[in-house]
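Undergrad: Structure in structure tokens, see below.
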Amino acid sequence: MATDVGRVRCNNEDALSFVCPDDLVLRRRLGVLAVVADGMGGHRGGEVASTLAVETICRGYFSALPGEDRLQALERAMLEANHAICRAGLADPSLEGMGTTATVLVVVDNRVFFAHVGDSRLYHCANGRCRQLTEDHTLVQQMVKNHVLSAEEARDYPMRNVLMRSLGTYSGLQIATQNCAAPQIGDAFVLCSDGLHASVEPAEIAELVASLEPQEASQRLVDLACVRDGSDNISVAVVVIRPAAASEE
């Protein structure tokens, strides 16, 4: 993972985490989890919202009871984060209106699934190609779907950062969840805030994650986004599928 405040902002409103339980039994049951959140809100609200989201999602998912469907457990954890942010905003006037995106990946038992709200993204990189798995919950993406704008026009549209969904904005939030095809050895999954995908193309992401170790790839992607733009916070998490260690088989 790597994150950077960028070249314009004074504070980093992104938050991210990778959880790999030490307890082997828990790890076999619930797997590993990566999450990226991009907060928003006046004063310190964005930073509080993203941090609260990451903490609540990680705690909520890994508290799943035996037998609970894992994708449903992840959705429940996201909804718990939404309610926690809503409550915090109501309790403290300085945090009113805060919210955050959240994109979460879980890899467990040769399965991959994710949950998503907002315009942070999840990519799947394999065989030299990078495919976006999530759909941006933005006004401009809705306009593209409704054929009001073309994809090319959307890139430079003045209101391209207006979110249609985010954690903490209303109690009836709908979480996007999805199962993915079984991963292959060497596949990479990249989670990122919009500070990265606004200036770095999917093909460039695919090239870097294919040629570098995950930590170096994460840092190189962040550095590239900083050089090209840097007007926003930038966060990246790279998860690569590798053979299990003998002690884990």
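Undergrad: Only residues that are of a type in the set (D, E) and touching a His at 6+ places or on another chain (Cβ under 9 Å): list them for the stretch 102-135, please.
TA: Residues satisfying the conditions are D119, E135.
Undergrad: Still on this structure: Take S150 and decide whether it is hydroxyl-bearing (S, T, Y) and in contact with a strand residue (DSSP E or B) (Cβ under 6 Å, 6 or more places away or on another chain).
TA: Working: hydroxyl-bearing (S, T, Y): yes; in contact with a strand residue (DSSP E or B) (Cβ under 6 Å, 6 or more places away or on another chain): no.
Spelling it out, it is not the case that S150 is hydroxyl-bearing (S, T, Y) and in contact with a strand residue (DSSP E or B) (Cβ under 6 Å, 6 or more places away or on another chain).
Yes/no per residue for (1) out of contact with any strand residue (DSSP E or B) (no Cβ under 8 Å at 6 or more places or on another chain); (2) closer than 18 Å to S171 by Cβ:
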site	(1), (2)
D23	yes, no
V35	no, no
D69	yes, no
A91	yes, yes
A102	no, yes
L105	no, no
D109	yes, no
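Undergrad: What strands (runs of 3 or more DSSP E), lying completely within the stretch 140-241, carry at least 1 residues that are touching a Lys or Arg at 6+ places or on another chain (Cβ under 6 Å), in contact (Cβ under 8 Å) with a residue 60 or more places away in the chain and open to solvent by less than 20 Å² (accessible area, probe 1.4 Å)? Walk me through how you get there before you give the answer.
TA: Numbers: elements: 176-180, 188-192, 234-240.
Because the criterion is at least 1 residues that are touching a Lys or Arg at 6+ places or on another chain (Cβ under 6 Å), in contact (Cβ under 8 Å) with a residue 60 or more places away in the chain and open to solvent by less than 20 Å² (accessible area, probe 1.4 Å), the strands (runs of 3 or more DSSP E) in the stretch 140-241 that meet it are 188-192.
Undergrad: Identify all residues within the stretch 123-138 that are in contact (Cβ under 8 Å) with a residue 24 or more places away in the chain and surrounded by 15 or more Cβ atoms within 10 Å (Cβ to Cβ); write none if there are none.
TA: So in the stretch 123-138, the residues in contact (Cβ under 8 Å) with a residue 24 or more places away in the chain come out as 123-126, 128-135, 137-138.
Once the filter is applied, which keeps residues that are in contact (Cβ under 8 Å) with a residue 24 or more places away in the chain and surrounded by 15 or more Cβ atoms within 10 Å (Cβ to Cβ), the stretch 123-138 yields Y123, H124, C125, A126, C130, L133, T134, H137, T138.
Matching residues to (1) of a type in the set (S, T, N, Q); (2) touching a helix residue (DSSP H, G or I) at 6+ places or on another chain (Cβ under 8 Å); (3) closer than 23 Å to I241 by Cα; (4) modelled with pLDDT under 95:
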{"site": "T100", "(1), (2), (3), (4)": "yes, yes, no, no"}
{"site": "V106", "(1), (2), (3), (4)": "no, yes, yes, no"}
{"site": "G128", "(1), (2), (3), (4)": "no, yes, yes, yes"}
{"site": "E152", "(1), (2), (3), (4)": "no, no, no, yes"}
{"site": "R160", "(1), (2), (3), (4)": "no, yes, no, yes"}
{"site": "R165", "(1), (2), (3), (4)": "no, no, no, yes"}
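The values are calculated or read from the model by the stated rules, or taken from the named source; none is laboratory data. What you see is a predicted model; the values in this text were computed from it and never measured. Positions of Cβ are backbone-derived with ideal geometry, glycine not excepted, and every protein chain shown enters the neighbour counts. These accessible areas exclude ligands, DNA and RNA; they are computed on the full protein's heavy atoms, side chains included. Shrake-Rupley method; radii C 1.70, N 1.55, O 1.52, S 1.80 Å.
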